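Colleague: Sharing a structure, written as structure tokens. Questions coming.
The values are calculated or read from the model by the stated rules, or taken from the named source; none is laboratory data. What you see is a predicted model; the values in this text were computed from it and never measured. Cβ placement follows ideal geometry from the backbone for every residue including glycine, while neighbour counts extend to all protein chains displayed.
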Amino acid sequence: MKDIINKSLLEISKSLQMRQIKVREVVEACFDRIDQTEPKINALLCMDKESCLSRALEMDKSGPDPDKPLWGVPITVKDVFCTKEFPTTCGSKILENFQPCYEATLVEKLKNAGAVILGKNNMDEFAMGSSTENSAYKNSRNPWNLECVPGGSSGGSAASVAAGQCFASVGTDTGGSIRQPAAFCGITGLKPTYGRVSRFGLVAFGSSLDQAGPMTRTVADSALIMNVISGHDPKDSTSASRPVPDFLAALEKRQDLKGMRIGLPTQYWMEGLSPETLESCRNAVDAARDAGAVIVDVEMPHARFGIAAYYIIAMAEASSNLARYDGVKYGVRDKSSADLQEMYRKTRSRALGEEVQRRIMIGTYVLSAGYYDAYYKKAAQIRRLIQQDYLRVFESCDLVCAPVTPSPAFKIGEIIDDPLQMYLTDIFTTSLNLAGMPGMTIPVGLGRDTGLPVGVQLIAPAFEEALTLQAGQVMENALPGVGTPTGLG
Amino acid sequence: MSRHETVIGLEIHAQLKTESKIFCSCSTRFGGEPNENTCPVCFGMPGVLPVLNKKAVEYGIKMALAVDCRINSRSIFARKNYFYPDLPKGYQISQYEEPLAEHGRISILSGDGEKVIGITRIHMEEDAGKSIHSSTENVSYVDLNRTGVPLLEIVSEPDMRTPREAVAYLKALRGILLYLEICDGNMEEGSFRCDANVSIRPRGQEEYGTRTEIKNMNSFRHVQKALEYEVGRQIDLVEDGEKVVQETRLFDVEKGVTRSMRGKEEAHDYRYFPDPDLTPLIIDPDWVEILRADLPELPIARQKRFVSDYSLPDADALVLTSEKDLADFFETAVAEYNQPKKICNWIMGELLGKLNERGLSISGAKITPGQLAALVRLVDEDKISGKIAKQVFVEVFDKGIDPEKVVEEKGLVQISDSSALEAVVDEVLGAHPDEVQRYKDGQKKLLGFFVGRIIKETKGQANPGVVNKIRSRKLG
């Protein structure tokens, strides 16, 4: 089993295509690993062993399909994507047992590419959180240290991939929800350019910020998933009609970083970084320099407003996006109420979690008459300024490099009661979502003090995911990496 | 003249006749089982997204062009947030700060001649569903068939000064929508809805008075009555030294009065903001020009042409052009038989009378323009009398049979043959010797009696002219 689950997605895919291994063996290995690790990490909200195994048998019978790049590969997806074969709860009680009759475009693409979806990952309720502690169902744990959070909101996905339950997961990133848990769990996570991957069937949190992307153990694995999930979708008006490059092929075109200019925003390399995070991230920059990159300091003057602008916009959109969970059409309804207003109030008060309610209220407030100009409108203006900061930086740089989080994974329960501090853990990730740019976390190594993974972010201009992947792979090869998680015994 | 001046502005909601809804591919068909024409998008299911129907935009642009609006090259869809069971997403996708079109105008004809009414803005939005409250059980149902049907909201300037002008404006707008074939204009079914803002002010004052918003007017007559009532109510209030309160009032059809919605109308804060699921709507100027070139002749222009080309009176031209189908019917008939005034009279009289009586519109009638033209020709050629023609018309109207065929089958051809008629005249005169004597003695009013008898004997088929000639020869 170890042989199988320690392989990368690319490796296992090759073995499957060449019939060196059966789909059933791979799927069984994953479920064995799930049986072994799941009680420790709580990464999954649902799975379907039986139907996955029978599907595997069929696939073994019919044989590999070279046109399907994920043929037979077991993966998981965050429970934010609508699936016909699994319920879709979004980590919320209000959608307990909700069974969509339609499928997210991304899930359709993964299935058409031959992937076997084992189950769905735990997450912060409606993707609101940075630790997966806001899940209404369970606390996921970090495979490197079970007392620590796996990050969030795609914490279940990161923990699954790190623990070897699957070969990849797909998460979503509204303000860092792919990149931060990837950093905490020592894996690779890519937030594509806004519009690169269809949002159809992705349960919305902040519609102008949400973007789905791969979470994998290697950069090349992310490139392969990107090949499958990218592209215009007529069902999503905000998805871009831009050609999609072959990301995997792009990786072969670059073995070093010669001629590449990488900018370090001074605003991100000063404030509040833990010493081990700063040290690890500097190691990553040194590796890039050694590989031939020119490292320059750059200015992002509006960066300090990023987190405020992000939370205002995300909460405003969320307050509207979550209005549909009213107990009328689907999901949970409070049946004790005497009238409509009471039914709305009780349903939403009882079935939505505290953090979700907090964000709906703040979002409602910032859109209210008399406050709109001071909050929402101002935040939208800051958003444009941050976009301009990036555009200016990319006039002289190919990539931007920044830390992902101020420090490695924190303990479960450590800051859950201090929402503001929790929001501040997103300080390095949110500006990217405001600007719509792609960014990727790659694991750098283990922190000197905590022994926990530390990641670094590579940020590229819009629709230049190939650049982050190329640079990411060069650095992945140059850096020590994190190895296998130490918390699973 | 009252010392108060009335100020009225109207907000129209027109359902667009697109095949599919504005943000999904469900049918817009009216009727049907509850929730038959719905999909996850209609239901506001988690994760689904709106995709704009280009046809709805096309219709919106056509309307904007027809009323001389400036089309904004970039407009924004916004979310209007409020909770209601028939609003599945918890927000309505509409347009707010940057609408599709602005600054238009429309000419109307009311009693006092032509007048121009300003159009403030035209924007696009989705319709909501319907809540159905059971009268027998303590339960409400939601039907989302109407959810997502495209609407144009057309907002006028407060340019109307009488309820009559308001109705004229409504009719003019409706006419344009029908001419463009983008809305079926049915006020009863709600595909053409109207809310009014009404206020009064002392004549000569520039500042507007406090306005009330009137809702629930489902016909032109309702609009007229509701506005008349509301203006009177406001004048009474002011003259009694009281103040008009800004509020929404519902028209009570039964009692003919407007009533305050009171507590129900709380000050809503809709928290409008740009819908992040839809990109800005960018209108290509070339597309606008193509649509402009393709615009049909509009009611006012057609009306003027009917007066000049066909020498019709203004009033007739107004009625004929009020509906595109009716005007088309007229022009097709005239093309068959070039007697515009006579055809117009038949339409204004018999045809509209029958349509009204049967509650039909011209598009639902069986009679064709060619058949009406043929009927008029039959009269002109003395094949039938005007009186018989009216009988024939009813047959043609009801069954859609050619008038020649009706005349032939029923043997209604007019008898103009004087030898045949002479026998009838002789017979009638022979049967009434007393009357003949009295006539000869000077009782000239008996003339009608004889003519009546002769026409009756021939079942109305006698050519009255010929009968008259024979009669005068025989009786002097």
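Colleague: Which ones in the range A:249-280 are without any contact (Cβ under 8 Å) to a residue 40 or more places away in the chain, of a type in the set (A, V, I, L, M, F, W, C) and within 23 Å of A:Leu469 (Cα to Cα)?
Modeller: The one that is without any contact (Cβ under 8 Å) to a residue 40 or more places away in the chain, of a type in the set (A, V, I, L, M, F, W, C) and within 23 Å of A:Leu469 (Cα to Cα): A:Ala249.
Colleague: Are there strands (runs of 3 or more DSSP E) fully within the range B:138-254 with at least 1 residues that are touching a strand residue (DSSP E or B) at 6+ places or on another chain (Cβ under 8 Å) and more than 14 Å from every other protein chain (Cβ to nearest Cβ)? List them.
Modeller: B:150-156, B:192-202, B:212-215, B:248-252
Colleague: Okay, moving on. Return the only residue of A:Gly155, A:Gly91 being buried (at least 24 other Cβ atoms within 10 Å of the Cβ), at positive phi and at pLDDT 95 or above.
Modeller: Result of the check over A:Gly155, A:Gly91: A:Gly91.
Colleague: Among the residues of the range B:81-97, write down those that are more than 10 Å from chain A (Cβ to nearest Cβ) and either part of a loop (DSSP other than H, G, I, E, B) or of a type in the set (D, E, K, R) (or both).
Modeller: B:Tyr96, B:Glu97, listed by residue number.
Colleague: Consider only pairs whose beta carbons are under 8 Å apart and that are at least six residues apart or on different chains; among these, list those whose first residue lies in the range A:354-372 and is within 14 Å of A:Ala314 (Cβ to Cβ) and within 9 Å of chain B (Cβ to nearest Cβ) and whose second residue is surrounded by 19 or more Cβ atoms within 10 Å (Cβ to Cβ) and basic (Lys, Arg).
Modeller: Note: pairs meeting the criteria are A:Thr364/B:Arg271; A:Leu367/B:Arg271.
Colleague: Sticking with this one: I need the full set of residues from the range A:61-119 which are touching a Leu at 6+ places or on another chain (Cβ under 8 Å), away from chain B (no Cβ under 14 Å) and in a loop (DSSP other than H, G, I, E, B), in order please.
Modeller: Answer for the range A:61-119, where residues must be touching a Leu at 6+ places or on another chain (Cβ under 8 Å), away from chain B (no Cβ under 14 Å) and in a loop (DSSP other than H, G, I, E, B): A:Pro64, A:Pro69, A:Leu70, A:Trp71, A:Gly72, A:Val73, A:Ala113, A:Gly114, A:Ala115.
Colleague: Additional query: Let me confirm something: among B:Ile22, B:Ile71, which residue is within 14 Å of another protein chain (Cβ to nearest Cβ), β-branched (Val, Ile, Thr) and touching a helix residue (DSSP H, G or I) at 6+ places or on another chain (Cβ under 9 Å)?
Modeller: Answer to the check: B:Ile22.
Colleague: Given the conditions (1) within 14 Å of chain B (Cβ to nearest Cβ); (2) assigned to a helix (DSSP H, G or I), which single one is not true for A:Leu391?
Modeller: So A:Leu391 meets the others, but not (1).
Colleague: Same structure again: Report whether or not A:Ala314 is away from chain B (no Cβ under 14 Å), under 23 Å from the mean Cα position of the chain (by Cα) and more than 25 Å from A:Val474 (Cα to Cα).
Modeller: When the stated conditions are applied, A:Ala314 does not pass them.
Colleague: Moving to a separate point now. Using beta carbons and a limit of 9 Å, which pairs, at least six apart or on different chains, have the first residue in the range B:241-256 and within 10 Å of B:Tyr229 (Cβ to Cβ) and the second one of a type in the set (Ser, Thr, Tyr) and surrounded by 14 or more Cβ atoms within 10 Å (Cβ to Cβ)?
Modeller: Correct list of pairs: B:Arg249/B:Thr212; B:Arg249/B:Thr258; B:Phe251/B:Tyr229; B:Phe251/B:Thr258; B:Asp252/B:Thr258; B:Gly256/B:Tyr229.
Colleague: Just a yes or no: is a residue in the range B:278-297 at pLDDT below 90 and assigned to a helix (DSSP H, G or I)?
Modeller: As a first pass, look at the range B:278-297 and keep what is at pLDDT below 90: none.
Looking for residues that are at pLDDT below 90 and assigned to a helix (DSSP H, G or I), one finds none in the range B:278-297, hence no.
Colleague: Given (1) within 14 Å of another protein chain (Cβ to nearest Cβ); (2) assigned to a loop (DSSP other than H, G, I, E, B); (3) more than 17 Å from B:Lys17 (Cα to Cα); (4) under 28 Å from the mean Cα position of the chain (by Cα), where does B:Ser131 come up short, assuming only one miss?
Modeller: With respect to (1) within 14 Å of another protein chain (Cβ to nearest Cβ); (2) assigned to a loop (DSSP other than H, G, I, E, B); (3) more than 17 Å from B:Lys17 (Cα to Cα); (4) under 28 Å from the mean Cα position of the chain (by Cα), B:Ser131 is out only on (2).
Colleague: Return yes when A:Ala308 is within 23 Å of the chain's Cα centre (by Cα) and away from chain B (no Cβ under 12 Å) and no when it is not.
Modeller: Yes.
Colleague: Moving to a separate point now. Exactly one condition in (1) surrounded by fewer than 17 Cβ atoms within 10 Å (Cβ to Cβ); (2) assigned to a helix (DSSP H, G or I) is not met by B:Lys444; state its number.
Modeller: Against the list (1) surrounded by fewer than 17 Cβ atoms within 10 Å (Cβ to Cβ); (2) assigned to a helix (DSSP H, G or I), B:Lys444 comes up short only on (2).
Colleague: While we're here: Within 12 Å of the chain's Cα centre (by Cα) and more than 19 Å from A:Val73 (Cα to Cα), is that true of A:Gly91?
Modeller: For A:Gly91, the condition - within 12 Å of the chain's Cα centre (by Cα) and more than 19 Å from A:Val73 (Cα to Cα) - is not met.
Colleague: Here is a further query. When you go through A:Lys329, A:Lys346, A:Lys335, A:Lys378 one by one, which is the residue that is more than 10 Å from every other protein chain (Cβ to nearest Cβ) and assigned to a loop (DSSP other than H, G, I, E, B)?
Modeller: A:Lys335
Colleague: Among the listed residues A:Val219, A:Val197, A:Val203, which satisfies the condition of being touching a Gly at 6+ places or on another chain (Cβ under 7 Å), of a type in the set (Val, Ile, Thr), over 23 Å from A:Leu391 (Cα atoms) and within 14 Å of chain B (Cβ to nearest Cβ)? Lay out the reasoning, then the answer.
Modeller: Details: A:Val219 fails: within 14 Å of chain B (Cβ to nearest Cβ); A:Val197 fails: over 23 Å from A:Leu391 (Cα atoms).
The match here is A:Val203.
Colleague: While we're here: Does the range B:274-283 include one or more residues that are farther than 27 Å from B:Leu52 by Cα, buried (at least 19 other Cβ atoms within 10 Å of the Cβ) and either basic (Lys, Arg) or not assigned by TED's automatic domain parsing to the domain that holds B:Thr332 (or both)?
Modeller: So far as the range B:274-283 goes, no, none of its residues is farther than 27 Å from B:Leu52 by Cα, buried (at least 19 other Cβ atoms within 10 Å of the Cβ) and either basic (Lys, Arg) or not assigned by TED's automatic domain parsing to the domain that holds B:Thr332 (or both).
Colleague: Considering only residues that are assigned to a loop (DSSP other than H, G, I, E, B) and β-branched (Val, Ile, Thr), which ones fall in the range A:205-238?
Modeller: A:Thr218, A:Thr238
Colleague: Let me ask another. Tally up the residues in the range B:14-37 that are assigned to a loop (DSSP other than H, G, I, E, B), surrounded by fewer than 21 Cβ atoms within 10 Å (Cβ to Cβ) and hydroxyl-bearing (Ser, Thr, Tyr), please.
Modeller: 2
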